[in-house]
Amino acid sequence: MKRLALIALILSLGVPLFGAEYEDGGIRLVLDPLLGRFSLYSLTDPFRQSYEPLFMDQDPRTSVLTFSYNGKPYRLGEAKEFKISEGGTAQAPELIFESSFARVTVAFTFIATAGSATANGVKISFHLENKGRRLMRAGLRFLLDTKLGETSAAPFTTDRRNIEEETVFDGSSDDIYWISGTSEGPSLMGSLGAGVDRAPDSVHIANWKRLNEVPWALDFVQGRRFNNPPYSIRDSAVAYYYEPLRIGRGERSSFYLLLASWDAQGFAAFRPSPGLSGPDSSARGPAADPSGLEPEDPWSWDAGRAGSYATSIPRNMNPAIVRSDHRALRDIIERIEGYLESGVPMSDDELNSIEQDLARIRSRYTGP
């Protein structure tokens, strides 16, 4: 109910979603440099160009990266210490989180698994860089809000078994990949360690709300289902843990994981995609600055290099106003979430206030 209400709200606004789109083969990647999030879609109907989300996209904030720095966790995209920007190229876009003491780069490249003739997934590379003057201990947690298998008896499967309850994979696990979804529609497949340069220290499949509410690790409870009553029922998620390692001054630690539409051969012999598909791939997402310098702010790019931003945001719109409107929308969503979760009816005054705020924001983007 909560997520249905949120998506109805967003779709009714007519306000840009602030996302840059990249497509290759059967995969669409959407990056949101304001929220510091990404979404992934699978092509289900080539003739109609219809795509289905491979994990929860109604509110992108439900999937999040947490950066551990000397024992302190920072939720990237929410921590004020980290500025968010977008970099890379149309073939290899990046989300960059930068503070005075560290830089976290999330780089995406399209891949094709052995059973797919075209791109059907992404390789997500994480680079943790020490910008400080001293040694740091840094790690990363990636919480992915899955959804495709939640209506089935076993929300997850692996190459070896069905997963019907909370599960942790570690170095002793023989499973090679996990799957969220059923044979009736698109399914998301995620790597567990085989074929990657650094296997995650653990992968925890559990209830999303439980995983989201802990700063770092959730205590594993054998036999616990994907529920957290009364509001979070059959709500699953996957958390990748790369525990903190020592990184020297000016050095960085890098590793990657794989996400793709399900392939019976798993990630065996996965290969990089040769490039973006379509007659006008240069228009997909922001191109690299030929000067080699990163823009100070993603909204400072000119219209010729702004990719999908140029079609979403009025040309003369002040970037500060755009960011302010985006924050206001997030605040409105959080207010509505509070009422939905508590069950307390919204007062007429509160409802009128929200409607007025939405009307004011929408007027700036929808024109007369």
Sorted from largest to smallest, which semi-axis lengths in Å does the alpha carbon gyration tensor of the range 44-186 give for its equivalent ellipsoid, taking the root of 5 times each eigenvalue? 31, 21, 15
Would you mind listing how long the range 56-135 runs along its three principal axes, going by Cα atoms, in whole Å with the largest first? 46, 29, 22
Label point distance in nm, Tyr339-Ala117, each placed 7 Å from Cα along Cα→Cβ: 5.1 nm
Binning every alpha carbon pair distance of the range 222-263 at 10 Å from zero, what are the percents per bin? 17, 28, 28, 20, 7
First select every other residue whose beta carbon is under 9 angstrom from the beta carbon of Phe270; then total the charges, Lys and Arg +1, Asp and Glu -1. +1
Taking every alpha carbon pair in the range 190-250 and sorting the distances into 5 angstrom bins from 0 up to the bin holding the longest one, the percent per bin comes out as 4, 16, 22, 20, 16, 11, 6, 3, 2, 0
Give me the compactness ratio for the range 133-191, meaning the Cα radius of gyration over 2.2 N^0.38 Å. 1.44
Rounded, prolate or oblate (a/c below 1.5 giving rounded, otherwise prolate when a/b exceeds b/c) for the range 165-276 by Cα gyration tensor: oblate
List, in the order given, every pair from Lys83/Lys123; Lys80/Lys147; Lys72/Lys147 whose Cα-Cα distance in the structure shown is over 26 Å. Lys80/Lys147; Lys72/Lys147
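No lab work stands behind these numbers, since they all come straight from the coordinates. If you're wondering where the values come from, they're calculated on a predicted model, not measured in any experiment. All Cβ positions, glycine included, derive from the backbone under ideal geometry; neighbour counts span all protein chains shown.
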